[in-house]
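Visitor: I have a structure here, written as structure tokens, and I will follow up with some questions on it.
The values are calculated or read from the model by the stated rules, or taken from the named source; none is laboratory data. As the structure is a prediction and not an experimental result, all values here were calculated from the model. All Cβ positions, glycine included, derive from the backbone under ideal geometry; neighbour counts span all protein chains shown.
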Amino acid sequence: MTMKFECKKCRKEHEMSCAELDWELVDDADPDREMGPESHYTASWESFCDNCGNNMTIEFSCWEYPQGVIEVEDDPNTQGIKLLPDEETCCINVESEEENNEEEPF
């Protein structure tokens, strides 16, 4: 999946691949919730506009609760870019810690 946006300075359209993001588990907010732990993940992307040199950043914040259900609380935090209407978030690409820790059978 890719996410499209434009540079705020020169309005050139750009896109980034959600697969480029390295998601980090920030914390397990409440491990004793009724349907299991609630996990908070973040990822960020930074680049420069190849047209005008403007610094562009996007920070994503996503929650998983219950396990396997990804929720987006807010729009991504951005600097130097304008998100294009109707773009989906990269949060759908988050893999839970359990998925990341599954071992391959012998």
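Visitor: Condition first: in contact (Cβ under 8 Å) with a residue 40 or more places away in the chain, over 13 Å from Cys91 (Cβ atoms) and either crowded, with 17+ Cβ neighbours inside 10 Å or in contact with a strand residue (DSSP E or B) (Cβ under 8 Å, 6 or more places away or on another chain) (or both). Can you find one or more residues in the stretch 23-31 that meet it?
Guide: Checked against the condition, which is being in contact (Cβ under 8 Å) with a residue 40 or more places away in the chain, over 13 Å from Cys91 (Cβ atoms) and either crowded, with 17+ Cβ neighbours inside 10 Å or in contact with a strand residue (DSSP E or B) (Cβ under 8 Å, 6 or more places away or on another chain) (or both), the stretch 23-31 yields at least one hit.
Visitor: Suppose the filter is surrounded by 17 or more Cβ atoms within 10 Å (Cβ to Cβ) and either of a type outside the set (A, V, I, L, M, F, W, C) or in a loop (DSSP other than H, G, I, E, B) (or both); does Ser44 pass it?
Guide: On the way: surrounded by 17 or more Cβ atoms within 10 Å (Cβ to Cβ): no; either of a type outside the set (A, V, I, L, M, F, W, C) or in a loop (DSSP other than H, G, I, E, B) (or both): yes.
No, not satisfied.
Visitor: Within the stretch 43-67, which residues are hydroxyl-bearing (Ser, Thr, Tyr) and either in contact with a helix residue (DSSP H, G or I) (Cβ under 9 Å, 6 or more places away or on another chain) or more than 24 Å from Glu13 (Cα to Cα) (or both)?
Guide: Ser61, Tyr65
Visitor: Looking at (1) more than 20 Å from Val72 (Cα to Cα); (2) in a loop (DSSP other than H, G, I, E, B); (3) at pLDDT 90 or above; (4) not aliphatic (A, V, I, L, M), which is the only condition Asp32 fails?
Guide: Among (1) more than 20 Å from Val72 (Cα to Cα); (2) in a loop (DSSP other than H, G, I, E, B); (3) at pLDDT 90 or above; (4) not aliphatic (A, V, I, L, M), the lone unmet condition for Asp32 is (3).
Visitor: Going through the stretch 47-86 one residue at a time, which ones are modelled with pLDDT of 90 or more and part of a loop (DSSP other than H, G, I, E, B)?
Guide: Listed by number, the residues that qualify are Cys49, Asp50, Asn51, Cys52, Gly53, Asn54, Gly80.
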